[in-house]
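In what follows, a single structure is set out as structure tokens and then discussed.
The values are calculated or read from the model by the stated rules, or taken from the named source; none is laboratory data. Just so you know, these numbers come straight off a predicted model, no measurement behind them. For neighbour counting, all protein chains shown are included, and Cβ atoms are generated from backbone atoms with ideal geometry for every residue, glycine included. When the accessible area is computed, the model is the full protein with side chains, heavy atoms only, and any ligands, DNA or RNA have been set aside. Shrake-Rupley method; radii C 1.70, N 1.55, O 1.52, S 1.80 Å.
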Amino acid sequence: MSVPILALRGVNKSFGPIDVLHDITLEVRAGEVLCLLGDNGAGKSTLIRILSGVHQPSSGSIEMDGAAVSFPSPRAAADKGIATVHQFGGTFPLMSIGRCFFVGVEPTKGWGPFRVYDRRKANAIAVKAVRDFGITRIDDGDRLVGGLSGGERQSLAIARAVHFGARVLILDEPTAALGVKQATHVLRIVNEAKRRGLAVVFITHQVMHAMAVGDHFAVLIRGAVAADFRKGEKSREEITDLMAGGASMASLEAEIESHMASHGEAAE
Amino acid sequence: MTTPFPGNLLRRPEAGALIGLIGVTVFFAIVGGIEFLYPSSVGSWLSRSATLGIVAIPVGLLMIAGELDISVGATITAGALITALVSGYYEQPIILGMLAALAFGAIVGLVNGYLVLKTGVPSFIVTLGTLFAVSGILLGATVVLTGTTSIAIKAPEMVKTMFGMYFGAGFQVLILWWIAITAAFYFFMHLSPFGNWIFAMGGDKESARNAGIPTARMTILLFVLSSVCASFVGMSQAILFQSVQATPQLTLIFNTIIAVVVGGVLLTGGFGSVIGIFFGTITFAVVTQGIYYTSFDQTWSNLVIGVLLLGAVLMNNTFRKMALSYAPKKEAKA
């Protein structure tokens, strides 16, 4: 097997006396989607922040291409090719597609102190990058990002990351706020990123979405990896049960039903 | 692709400001009489615009970046007072007084910027603090040093020509400075790549920082720009009026905010334009000066300004929604 692009080895993270992550070991390879599943509060967000350089692990190590690395800042992680796309795309609603795409790395034309932002070039590149990902409805780089649908905004953010040479794409709940159709859109783009040889870390609590694109799954419960398995090794019910903290979904349902029944009678 | 002219214009941040400006100008030309458009009248409202506009543009840029600076009310007095103190009371060369005024402006800006960054307190509160602190220092120091709260200054002819002269029919030379500064800020904001950083900072500061924008340095730069511009206006007022009072110009604070908001800048940041602020400033000056040409008592002018502000905000909201929902027509069918 190839060397993983990004790997965590025995990573712990605590904030003061509170332990948030225990002994996390995960790896993700090029052209592979690692789905990180977990309920709210399982430590997903902290894990993302460690991967993207916002937090540093208390102990344990991060490896890229087999060599130990550290990310003192989000910028350092970005420079090594790690791109994080947040739930709402991390984009600026009142900026045009072209300006948003090139934020911080604006293309310029002209000379010396009179270098000016090259709007035409920025718009053309941004629109092409997004269209290459299959979002053909976007054809005017002057449109404001806030006017795009949630799925289109995610796609723009992913296309942007890929354009600027990301090797690892971290998607933080990209489908959480989306309808079925929009979510399908985003999942298609995740597959496209995978096809292009990126390593994708896909964070979600929607098992269906994870199963649609994932090659490798890790379930996070109370800050620890509770299960680590590959595609086809577990059924949807088993994964859901795992996420619910080991309690079987069926027994949970039975409990709710009996609770409803007893309280329903009392109300009548 | 090209979009039809009116639609394209209406989606820009300055659309509301331009319509407002045309509206109030026509209104006062009709109600106040055609004298309102005579050169001498134009000179009076443009001169008023210039004083306000030089401060309003950098304050507007701060607002686009998601910050606010109300300490300009004290900084403008500081600029005037320091010029008068150094070159009037202590009779030093005028250039020393001018440089001292601008340097003091830069220091106030640095203090504002650092406090906002280090404390994380909203810039409204921080600059409210520095507004009072600076005006306290000014009043106290002036009384201690000179024994009065008013200082006279006599500027040499050449300096007066540059900052405190009238040309034509009542046009203050400051109008030319205002236009030049507007042009410089237009380049900075809309043509150079820095403008993009400022819009991004106002849109989402954390994403902007993650995208590699030096948000801390930009924030400090913007605070310094607004303070230096304010002390520049104060300095030229000292040269023009030849006498300075050590009282902060509190109404200027509201006036800059009105000009900026009427100019289409979003209070919460991320949206606006230099041209919009330029139009907003003239609109404000037209209203405050126009009232003198009408038969109304001038005490009503604040009512007009209040209504104008609310109307402008509502109109700008509408235009912003139009800009957001805009999509090329031909794609709707596809």
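List for region A:85-122: residues with 30 Å² or greater reduction in accessible area, all protein chains versus chain alone, probe 1.4 Å?
Residues passing the criterion (a loss of at least 30 Å², heavy atoms only) are A:PHE92, A:LEU94, A:MET95, A:ARG99, A:VAL103, A:GLY104, A:GLU106, A:ARG115, A:VAL116, A:TYR117.
Placing +1 on the Cβ of each Lys and Arg and -1 on the Cβ of each Asp and Glu in the protein assembly as shown, which of A:SER59, B:LEU115, B:ALA184 has its Cα farthest towards the positive end of the resulting dipole?
Positive-most Cα among the choices belongs to B:ALA184.
Going by alpha carbons, how many degrees (0 to 90, nearest 10) lie between the helix axis of B:193-203 and the longest principal axis of chain B?
Approximately 80 degrees, to the nearest 10.
Which order do B:THR247, B:THR219 take by accessible area at a 1.4 Å probe, largest first?
Values: B:THR247 80, B:THR219 5 Å².
Solvent-accessible surface, decreasing: B:THR247, B:THR219.
Are there any trypsin sites (Lys or Arg not before Pro) in region B:81-163 that are in a DSSP loop and have at most 15 other Cβ atoms within 10 Å? List them by number.
Numbers: sites: B:LYS118, B:LYS154, B:LYS160; in loops: B:LYS154.
Here the trypsin sites (Lys or Arg not before Pro) that fit, given the DSSP loop and packing criteria, are B:LYS154.
Just how much of B:TYR293 is accessible, in Å², when a 1.4 Å probe is used and the result is rounded to the nearest 10?
70
Whole Å is fine, so just give me how far the alpha carbon centre of region A:39-89 lies from that of region B:236-266.
Answer, in whole Å: 47.
Determine the total buried accessible area between chain B and chain A, counting protein heavy atoms only with a 1.4 Å probe; round to the nearest 100 Å². Walk me through the numbers on the way to the answer.
Working: alone 15440 and 13430 Å², together 26620 Å².
Approximately 2300 Å² gets buried when B meets A.
Over chain B, calculate the relative contact order: mean separation of alpha carbon pairs under 8 Å at least 6 apart, over the residue count, as a percent.
Computed value for chain B: 36 percent relative contact order.
Using the Cβ atoms and a cut-off under 13 Å, what net charge is assigned to the surroundings of B:LEU10, where Lys and Arg are +1 and Asp and Glu are -1?
Details: positive: B:ARG11, B:ARG12, B:ARG320, B:LYS321; negative: B:GLU14.
Within the 13 Å Cβ shell, the charges total +3.
Just grab the label-to-label distance for A:LYS181 and A:VAL69, each label 7 Å out from Cα along the Cβ direction, in nm (one decimal).
3.9
By how many degrees, between 0 and 90 and to the nearest 10, does the Cα long axis of helix A:180-195 differ from the longest principal axis of chain A?
With both axes taken from Cα atoms, the answer is about 70 degrees.
Go ahead and set up a Gaussian network model of chain A, Cα springs under 10 Å, then flag whichever of A:ARG120, A:ARG75, A:ARG99 fluctuates most.
With Cα springs under 10 Å in chain A, the top fluctuation among A:ARG120, A:ARG75, A:ARG99 is at A:ARG120.
Where does the charge balance sit around A:SER61 when Lys and Arg score +1, Asp and Glu -1, over other residues with C-beta under 14 Å from its C-beta? Walk me through the numbers on the way to the answer.
On the way: positive: A:ARG9, A:LYS13; negative: A:ASP23, A:GLU27, A:GLU63, A:ASP65.
Here the count lands on -2.
Considering only the protein assembly as shown, what is the antiparallel percent among its DSSP beta bridges, to the nearest 5? Intermediate values should be presented prior to the final figure.
Details: 29 of 48 bridges.
Around 60 percent antiparallel, to the nearest 5.
Kindly report the accessible area of the protein assembly as shown per residue (heavy atoms of protein chains, probe 1.4 Å, no ligands, DNA or RNA), in Å². Don't jump to the answer; show the numbers that get you there.
Working: 26620 Å² over 602 residues.
It amounts to 44 Å² per residue over the protein assembly as shown.
With the Cα gyration tensor of chain A in hand, convert its eigenvalues to equivalent ellipsoid semi-axes via √(5λ) and list them largest first in whole Å. Walk me through the intermediate numbers first.
On the way: eigenvalues 259, 117, 57 Å².
Sorted largest first and rounded, they come to 36, 24, 17 Å.
Compute the long axis of helix B:15-31 from its Cα atoms, compare it with the longest principal axis of the Cα atoms of chain B, and write down the angle in degrees, 0 to 90, nearest 10.
70
Roughly what would the spin-label model give for A:ARG196 and B:ALA183, points 7 Å off Cα along C-beta, in nm?
Calculated label separation equals 4.3 nm.
What is the Cα radius of gyration of the protein assembly as shown over 2.2 N^0.38 Å, N being its residue count? Write down the numbers at each step before the final one.
Values: Rg = 29.6 Å, N = 602, 2.2 N^0.38 = 25.0 Å.
So the Cα radius of gyration is 1.18 times the expected 2.2 N^0.38 Å.
For chain A, set up a GNM with springs between Cα atoms under 10 Å and report which of A:GLY150, A:GLY232, A:GLY214 has the largest fluctuation.
Largest GNM mean-square fluctuation: A:GLY232.
As a test of reading the structure, rank B:TRP177, B:TRP300, A:TRP111 by solvent-accessible area (1.4 Å probe, protein chains only), most first. All intermediate terms of the calculation are to be shown ahead of the outcome.
Numbers: B:TRP177 80, B:TRP300 140, A:TRP111 190 Å².
Per-residue accessible area, sorted high to low, gives A:TRP111, B:TRP300, B:TRP177.
Given the rule -39500 (n - 2.57) for each run of at least 4 DSSP H residues, summed and divided by the residues of chain B, what is its mean residue ellipticity at 222 nm, to the nearest 500 deg cm²/dmol?
Values: 15 runs with 236 residues, N = 334.
Rounded to the nearest 500, the figure is -23500 deg cm²/dmol.
Spin-label point model (7 Å from Cα, Cβ direction): what's the A:PHE15 to B:GLU35 distance in nm?
Modelled inter-label distance: 6.8 nm.
What is the total of Lys pairs in chain A with C-alpha atoms under 22 Å apart, excluding same-chain pairs fewer than 8 positions apart?
13
What net charge do the residues around A:ASP39 carry, taking every other residue with its C-beta under 14 Å from that of A:ASP39, with Lys and Arg at +1 and Asp and Glu at -1?
Numbers: positive: A:LYS44, A:ARG222; negative: A:GLU173, A:ASP241.
Residues near A:ASP39 contribute 0 overall.
Between B:VAL307, B:VAL55, B:VAL260, which gets the highest mean-square fluctuation from a Gaussian network model of chain B, Cα cutoff 10 Å?
Answer for the Gaussian network model of chain B: B:VAL307.
Where does chain A land at 222 nm, in deg cm²/dmol rounded to the nearest 500, when only DSSP H runs of n ≥ 4 count, each adding -39500 (n - 2.57), divided by all residues? Could the numbers behind the result be given before it?
Details: 9 runs with 97 residues, N = 268.
Calculated from helices alone, the mean residue ellipticity at 222 nm is -11000 deg cm²/dmol.
Which value, in debye to the nearest 20, describes the size of the charge dipole of the protein assembly as shown about its Cα centre when Lys and Arg Cβ atoms bear +1, Asp and Glu Cβ atoms bear -1, and nothing else is charged?
Details: 44 positive and 39 negative charges, 378 e Å.
Rounded to the nearest 20 debye, it is 1820 debye.
What percentage of the solvent-accessible surface of the protein assembly as shown, computed with a 1.4 Å probe over protein heavy atoms, is contributed by carbon and sulfur atoms? Intermediate results must be reported in sequence, preceding the final value.
Working: 16820 of 26620 Å².
Carbon-and-sulfur percentage of accessible area, whole number: 63.
Considering only region A:6-234, what is the antiparallel percent among its DSSP beta bridges, to the nearest 5?
Working: 24 of 43 bridges.
In region A:6-234, approximately 55 percent of DSSP beta bridges are antiparallel ones.
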